[in-house]
1. Considering only B:P148, B:G135, B:M124, whose Cα is most displaced toward the positive end of the charge dipole of region B:105-176, charges sitting on Cβ of Lys, Arg (+1) and Asp, Glu (-1)?
2. For peptide B:87-98, what's the mean number of Cβ atoms from other chains within 10 Å of each residue's Cβ?
3. On a 18 Å Cα-Cα criterion, which of the cross-link pairs A:K103/B:K48; A:K39/B:K48; B:K39/B:K153 come out too long?
4. Please average, across the residues of A:109-116, the number of beta carbons from any other chain that are within 10 Å of each residue's own beta carbon, and give a whole number.
5. Non-local amide H neighbours of B:S110 (under 5 Å, H modeled in plane, Pro and chain starts lacking H): which ones?
6. How far is B:E100 from the same spot in each other copy, in nm, shortest first, if each label point sits 7 Å from Cα toward Cβ?
7. What size of dipole, in debye to the nearest 20, comes out for region A:105-151 about its Cα centre when the only charges are +1 on Lys and Arg C-beta atoms and -1 on Asp and Glu C-beta atoms?
8. Within a 10 angstrom radius of each residue's Cβ in B:57-66, how many Cβ atoms of other chains show up on average? Whole number is fine.
Protein chains: 2
Amino acid sequence: MRPIVFVLIAVMALACVVTYQAPASEKAEGAAAPIFGIKIPAGYRDWKLISVAHEAGNLNDIRAILGNDKAIEAYRKGKQSFPDGTVIARLAWNYVPSAENNKVFGRDQSFVAGSAPDWYLQFMVKDSKRYATTGGWGYAQFDKDGNPADEAKHGTCFPCHVPAKDRDYVFTRYAP
Amino acid sequence: MRPIVFVLIAVMALACVVTYQAPASEKAEGAAAPIFGIKIPAGYRDWKLISVAHEAGNLNDIRAILGNDKAIEAYRKGKQSFPDGTVIARLAWNYVPSAENNKVFGRDQSFVAGSAPDWYLQFMVKDSKRYATTGGWGYAQFDKDGNPADEAKHGTCFPCHVPAKDRDYVFTRYAP
């Protein structure tokens, strides 16, 4: 059996017995994402900004990365790893030109956040025991209606984050 | 005298007698911007996200727009104008490709926040009486060291925002 398949099966088995419990201050809402059992944390849209990015290519989105207080504190202290309870939110919007802004600038240069793509919301939840087989992180993706992506999609999260192992599997750096 | 020159002179005269007073919860720090007398509001980096954007062309930055509580409340309630005390912050970073992200994606598609350009920070402060001659808004720009831009630069803020008069001179729309 290839190692990655083994990890995925182990994670799926784990999902049968555990479900992520959001702290009282962030009551989980809606359906839980497969494999990791994560619900959308209430109040995530009020979290502080970590950074911004643009993914071109097939995604073609513009995104903001927000963090709960534990995430922000760890980033600002320059910690190499994040404590349990850290939650990082990635919000993506379709990358669209702004006709009204371009009119003011007098040329086509302005790109803004448009409608929500299918991969609108993603969360990384740090729980080093519960998610021990996936680097201590659980992963979740939801569309604009709060529907989680399917199991196959969630199986791709951890393998993709492995190259960032030296930074606790987190790609985004803090923008000052 | 051209109307715009008249407005600028009026604003400059006004700047001689008034200086923006930040509320106690946001103690002003550092040097005040010319014309409008605005200092960097303490705690702005903790404010909630309004939206994100990419300006190509000469600016070539990626930016986040944050708002204090009055700004966020007005946006979320869909108000056509913002109440006095509203402050909107625009943070810009140089738009740079991410080699480490591109390696994971297997192609050049990822652009992230780099170093701070000279126009790193901008603020719009709503005070309908104090800034009556500039649509009710004061404007300020600072570099990464907290140094305000010069008077000539600040004279360009309001004329550029006039096309957005129907939306209370604010270009950015709220990203849900």
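Read-outs: derived from the displayed coordinates by stated rules, not from any lab. Bear in mind that the values here come from a model prediction, so they are computed numbers and not experimental data. With ideal geometry, Cβ positions are generated from the backbone for all residues, glycine too; neighbour counts draw on all protein chains shown.
1. B:G135
2. On the way: counts 0, 0, 0, 0, 5, 2, 4, 0, 3, 0, 2, 6.
Across B:87-98, the average partner-chain Cβ count within 10 Å equals 2.
3. Values: A:K103/B:K48 28 Å; A:K39/B:K48 22 Å; B:K39/B:K153 16 Å.
Among A:K103/B:K48; A:K39/B:K48; B:K39/B:K153, the Cα-Cα distance tops 18 Å for A:K103/B:K48; A:K39/B:K48.
4. Values: counts 7, 7, 6, 11, 11, 1, 2, 2.
The mean count of partner-chain Cβ atoms within 10 Å per residue comes to 6.
5. Those qualifying (amide H under 5 Å, at least 5 residues apart or on another chain) are A:A56, B:S98, B:N102.
6. In nanometres, ordered from closest: 3.7.
7. With Lys and Arg at +1 and Asp and Glu at -1, about 320 debye.
8. Working: counts 7, 3, 3, 1, 0, 7, 3, 7, 5, 2.
Going residue by residue through B:57-66 and averaging, the value is 4.
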